[in-house]
1. Taking the residues in region 116-141 that are out of contact with any helix residue (DSSP H, G or I) (no Cβ under 6 Å at 6 or more places or on another chain) and farther than 18 Å from residue 9 by Cβ as candidates, determine which candidate is modelled with the lowest pLDDT.
2. Take the conditions at pLDDT below 90 and touching a strand residue (DSSP E or B) at 6+ places or on another chain (Cβ under 6 Å) and apply them to residue 76. Does it pass?
3. Counting only residues that are under 11 Å from residue 63 (Cα atoms) and in contact (Cβ under 8 Å) with a residue 40 or more places away in the chain, how many does region 83-99 have?
4. Does region 63-73 contain at least one residue that is in contact with a strand residue (DSSP E or B) (Cβ under 6 Å, 6 or more places away or on another chain), within 19 Å of residue 12 (Cα to Cα), in the same structural domain as residue 17 (by TED's automatic domain parsing) and modelled with pLDDT of 85 or more?
């Protein structure tokens, strides 16, 4: 796994959630993951997790301890992806899957669209270092802070301040829109078009961004 700017990345899978761990000590990454779950219990409740630990070499005591801590929070760990032979053997000894039938999540591929009207509900602020990715629409009930990132196959609605990075219509949907109570993103992208929000003067209000004649434009959200 290549180095990533975010210590933890979360992506929606058909049968659960993929959690990718970046650089850092195992203890720090585990604590960060557990804090993320405790801050967003509704989002994670009952989820089946696929954990991509990259090159981290984990023994039975470390992986089984994490599995128990996840179980206490109502989550199931069912697969571990790793570049480490030791971690792969550890996962197999614990009865966990070490392969997915689909291509590795980091391989370039189109986002698969979920069933119609299915959206991901994120009931918290997307803080710096967080990356939310989902093949359909995403609704954030909170802010998207600078350093936070949301990638959606459909539209993105932020019931708060959008000041991070958002990519809507990531699968090529040019009809996708981005709505926010305050639209001031670090970077905004719809399908293949990218824009940086200019500094605004005067009163700030809800806005919706969409593609018009191949250009990204923002209008009052009414």
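1. 116
2. Values: at pLDDT below 90: yes; touching a strand residue (DSSP E or B) at 6+ places or on another chain (Cβ under 6 Å): yes.
When the stated conditions are applied, residue 76 passes them.
3. 0
4. Within region 63-73, the subset in contact with a strand residue (DSSP E or B) (Cβ under 6 Å, 6 or more places away or on another chain) is 67, 70.
So of that shortlist, the ones also within 19 Å of residue 12 (Cα to Cα) come out as 70.
Restricting the remaining residues to those that are in the same structural domain as residue 17 (by TED's automatic domain parsing) gives 70.
Within this subset, residues satisfying the condition of being modelled with pLDDT of 85 or more are 70.
Within region 63-73 (the criterion being in contact with a strand residue (DSSP E or B) (Cβ under 6 Å, 6 or more places away or on another chain), within 19 Å of residue 12 (Cα to Cα), in the same structural domain as residue 17 (by TED's automatic domain parsing) and modelled with pLDDT of 85 or more), the answer is yes, since at least one residue qualifies.
The values are calculated or read from the model by the stated rules, or taken from the named source; none is laboratory data. These figures come from a predicted structure and were not determined experimentally. Virtual Cβ from ideal backbone geometry, glycine too; neighbours counted across all protein chains shown.
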